[in-house]
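Contents: one structure, followed by commentary.
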Amino acid sequence: MAIIEHLYGWPVKGFSGQQLAEMPLRAHAPYAHDRLWAIERAGPVFDPSRPRHIPKGKFLQLVNTPRLARLKSRYDPHTTRFTLLEDGREAVSGELRTQEGRRAIEDFLAAWLGDLAPARPRVVGVGDHHFFDVPKPFVSLINLETLDDMAGHAGKALHPERFRANIYVRDLPAWEELEWEGRTLLVNGAPAFVARERIGRCVATEVNPQTGERDVVIPRMLLTEYGHKDCGLYLEPLADITLRPGDEIVPA
């Protein structure tokens, strides 16, 4: 049995997450406010009239712009107001559904990043299109006990936000979640998910989300110490459900 400890949404791809008191999900759909927006870093690539999956490197992220770790963000899903803070102070705020709000974010980032951005940043998003690494209706799960086990090899604690998951669980032996692949998962006794895929980790996880430094080579460590590059699971919701910390997850 695993117990949900934290729930996170990541409304703007590449920026800090929002811890949630609850997460409403619909069957065969991702979390509604997850990666709804992204910010292009090297010129236009996203056409809102023809939304499609685009490789993550085309957008601002810690892996290509580690300085973003100095910014924390807030997002209001009702108004789409996105606020960036530096050293705890508000740096800029704007409603992403408005041209004026997007321009305020873009102007700030263009000046703040300077030459670190190959082109003027551009906020993009349309409807319910999600800027996921994989174009599938998934939410992601990380076992915090697994991160604790990995920390022993890394020589330091690994901040959970390094892995940018939606669901963080405790009270499950390290790595046991990988055995759930392909199985139906129950939440509080009711069928809720199918564990579709293990999550293969890339160099994005090397960046410490608190400092912006590349301080642990996660993919190489996983391969060397565990014989694979997997950490976490992609889950597909089977039913309309609202998750909360304290909920129990078990395989059927």
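Rule-based calculations on the coordinates, nothing more; no lab input. Predicted, not measured: the structure shown is a model, and the values here were computed from it. With ideal geometry, Cβ positions are generated from the backbone for all residues, glycine too; neighbour counts draw on all protein chains shown.
So which trypsin sites (Lys or Arg not before Pro) in the stretch 29-70 end up in coil per DSSP with only 14 or fewer other C-beta atoms within 10 Å? In loop regions of the stretch 29-70 (DSSP not H, G, I, E or B), the sparsely surrounded trypsin sites (Lys or Arg not before Pro) are ARG52. Counting charges near ARG220 (Lys, Arg +1; Asp, Glu -1) among other residues having Cβ under 14 Å from its Cβ returns a value of -1. Near ARG198, once Lys and Arg are set to +1 and Asp and Glu to -1 for all other residues with Cβ below 15 Å from its Cβ, the sum equals -3.
Once the piece of chain linking LYS136 and THR211 is laid out straight, how much longer is it, given 0.36 nm per residue of separation minus the C-alpha distance between them?
Numbers: separation 75, 0.36 × 75 = 27.00 nm, distance 3.05 nm.
Between LYS136 and THR211, full extension yields 23.9 nm more.
The loop-placed GluC sites (Glu not before Pro) in the stretch 147-190, going by DSSP, that have at most 16 neighbouring Cβ atoms within 10 Å of their Cβ come out as GLU181.
Using only Cα coordinates, the Kirkwood hydrodynamic radius of the chain works out to 18.8 Å. Judged by the gyration tensor of its Cα atoms, with axes a ≥ b ≥ c, the stretch 170-217 is prolate; a/c meets the 1.5 cut and a/b is the larger of a/b and b/c. I need the shape label for the stretch 98-246. Rule: rounded when a/c is under 1.5, else prolate if a/b > b/c, else oblate, with a, b, c from the alpha carbon gyration tensor. Cα axes put the stretch 98-246 in the oblate bin.
Report the charge-dipole magnitude of the chain in Debye, nearest 20, computed about the Cα centre from +1 at each Lys and Arg Cβ and -1 at each Asp and Glu Cβ.
Working: 32 positive and 35 negative charges, 208 e Å.
Here the chain has a charge dipole of around 1000 debye.
For the charge dipole of the chain, defined by +1 on Lys and Arg C-beta atoms and -1 on Asp and Glu C-beta atoms about the Cα centroid, which residue among LEU186, CYS202, ALA154 has the Cα displaced farthest towards the positive pole? Farthest along the dipole direction, towards plus: CYS202. Positive end of the dipole of the chain (Cβ unit charges, origin at the Cα centre): among HIS33, THR80, ILE167, the Cα lying farthest that way belongs to THR80.
Where Lys and Arg each count +1 and Asp and Glu each count -1, what net charge lies around ARG35 among other residues with Cβ under 12 Å from its Cβ? Net of charged neighbours comes to 0.
Expressed as a rounded percentage, what relative contact order does the chain have, with Cα pairs under 8 Å and six or more residues apart? Present the calculation step by step, with values, prior to reporting the outcome.
Values: 560 pairs, mean separation 70.1, N = 252.
It comes to 28 percent, rounded to a whole number.
For the chain, adding -39500 (n - 2.57) for each run of n ≥ 4 DSSP H residues and dividing by the number of residues yields -4500 deg cm²/dmol at 222 nm.
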